[in-house]
1. Got a number for carbon plus sulfur as a percent of the range 41-123's accessible area, 1.4 Å probe?
2. Among Asp50, Asp108, Asp60, whose mean-square fluctuation peaks in a Gaussian network model of the chain (Cα, cutoff 10 Å)?
3. Express the accessible area of the chain per residue in Å², computed with a 1.4 Å probe while the remaining protein chains stay in the model.
4. If you place +1 on the Cβ of every Lys and Arg and -1 on the Cβ of every Asp and Glu, how big does the dipole about the Cα centre of the chain come out, in debye to the nearest 20?
5. With the dipole of the chain worked out from charges on the C-beta (+1 for Lys and Arg, -1 for Asp and Glu) around the Cα centre, which of Ala8, Leu96, Ile42 lies farthest toward the positive end?
6. Expressed in nm to one decimal, what extension gain is obtained for the pair Asn116 and Arg88 from 0.36 nm per residue of sequence separation less their Cα-Cα distance?
7. If I model a spin label as a point 7 Å beyond the Cα along the Cα-Cβ vector, how far apart are those points for Gln105 and Val53 in nm?
Amino acid sequence: RKLMDQAATRGWPLVRHPVLHFPSDPVLLADRSRLQGGLGRIRQFMLGSDLMVVPVIASDVDTVMGYLPRGSWVSVWTGETLALLEGRWQELPAPLGQPAVWVRQGADSLKEVSANLRAALSA
């Protein structure tokens, strides 16, 4: 519901490039397409301002390389916390059925999202 309210009042999309919430991060700012002189390597997205999703785009892998901006991020599957003083590329676990989804620590949605994902997969 919160995401829908933001979409209606601010015009923000539900699925967002991370630079929308981390506008001063140099890695995210450099993520223009190769045609525009950028590296074009960010393949992840945010759902709202708190969920970072790093999709698996290769077969037969159980990890994925993703970029996490500065801050503390919690895995929705394991509860593992990564506290980053600056953004960095990180190899993230992504076994089959558990894509790399990280939530900003302290986000209101952390417990709800984790419970909903687990329930959906066990159904």
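The values are calculated or read from the model by the stated rules, or taken from the named source; none is laboratory data. For clarity, every value in this text was computed on a predicted model and none was experimentally measured. Reconstructed Cβ throughout: ideal geometry from the backbone, glycine too, with neighbour counts over all protein chains shown. The protein model used for the area step is the full one, side chains on, heavy atoms only, and it has no ligands, DNA or RNA in it. Shrake-Rupley method; radii C 1.70, N 1.55, O 1.52, S 1.80 Å.
1. Roughly 53 percent, rounded to a whole number.
2. Result for the chain, Cα springs under 10 Å: Asp60 fluctuates most.
3. 62
4. 360
5. Ala8
6. 7.3 nm
7. 2.5
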